[in-house]
Amino acid sequence: MAFLRAACALVIMALAAGIAHAGEHTIVIHHMELDQIEGTMRVGDTVTFDNQSDMAHNLYITYADGTVDNLDTQVPGMQRTVKLRLAGPATIRCWIHPIIKAELEIEEQAEPEKR
Ligand SMILES: [Cu+2]
């Protein structure tokens with residue numbers, strides 16, 4: 001019985017950890033560059049781009065399979081949010097300013113072991 005309760009507690013803890021893994025990240029857009037990307041990005045995480053520059057941007061993210069999520073135009077002061085949907089290397093770029101480019105590595109969702 002005690003074993004069963006312990007196993008149950010483990011499952012609940014694992015579930016809670018899984019929920020906690022759906023992280024939220026914010027990346028500030030400066031004049032012509034993005035903030036450094038920090039922390040581990042995982043599938044299911046949301047990334048909010050905060051345009052603190054004085055010009056409009058239109059970011060898009062290209063996933064490992066070549067598919068694209070377009071964030072549409074964001075004028076100064078506007079935030080746009082994207083939910084990461086595929087693991088692997090990805091690239092963030094701006095349609096308007098090809099000089100803006102950031103690489104990121106998206107990890108699988110709810111990976112139990114930590115590096
Ligand atoms: Cu731009």
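Data for the structure
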item: Residues whose placed amide H lies under 5 Å from that of Ile96, excluding near-sequence neighbours; result: Asn58
item: Bridge type composition, segment 24-107 - antiparallel percent by DSSP, nearest 5; result: 70 percent
item: Net length gained if the chain between Gln79 and Val28 were fully extended (0.36 nm per residue, minus Cα distance); result: 17.4 nm
item: Chymotrypsin sites (Phe, Trp or Tyr not before Pro) restricted to DSSP loop in segment 49-115 with at most 14 other C-beta within 10 Å; result: Trp95
item: Rounded if a/c under 1.5, otherwise prolate or oblate - segment 24-107, Cα gyration tensor axes; result: prolate
item: Order of Val28, Val47 - criterion: other Cβ atoms within 10 Å of each residue's Cβ, fewest first; result: Val28, Val47
item: Rounded to whole Hz, the Karplus (6.51, -1.76, 1.60) HN-Hα couplings of segment 62-68, x for glycine and proline; result: 10, 8, 4, 8, x, 6, 10
item: Distant-in-sequence amide H partners of Asp45 (H built 1.01 Å from N, under 5 Å); result: Gly23, Leu84
item: Backbone HN-Hα couplings from phi across segment 31-37 [Karplus 6.51/-1.76/1.60, Hz, Gly and Pro as x]; result: 2, 10, 8, 9, 3, 4, 7
item: Sorted by Cβ density within 10 Å, fewest first, the residues Asp69, Asp54; result: Asp54, Asp69
item: Exposure proxy ranking, count of Cβ atoms within 10 Å, fewest first, for Ile96, Ile27; result: Ile96, Ile27
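Quick note: the coordinates plus some simple rules give every number you see, no bench work behind them. All of these numbers come straight from a predicted model, not from anything done at the bench. Cβ coordinates were reconstructed from backbone atoms using ideal geometry, including for glycine residues, and neighbour counts include every protein chain displayed.
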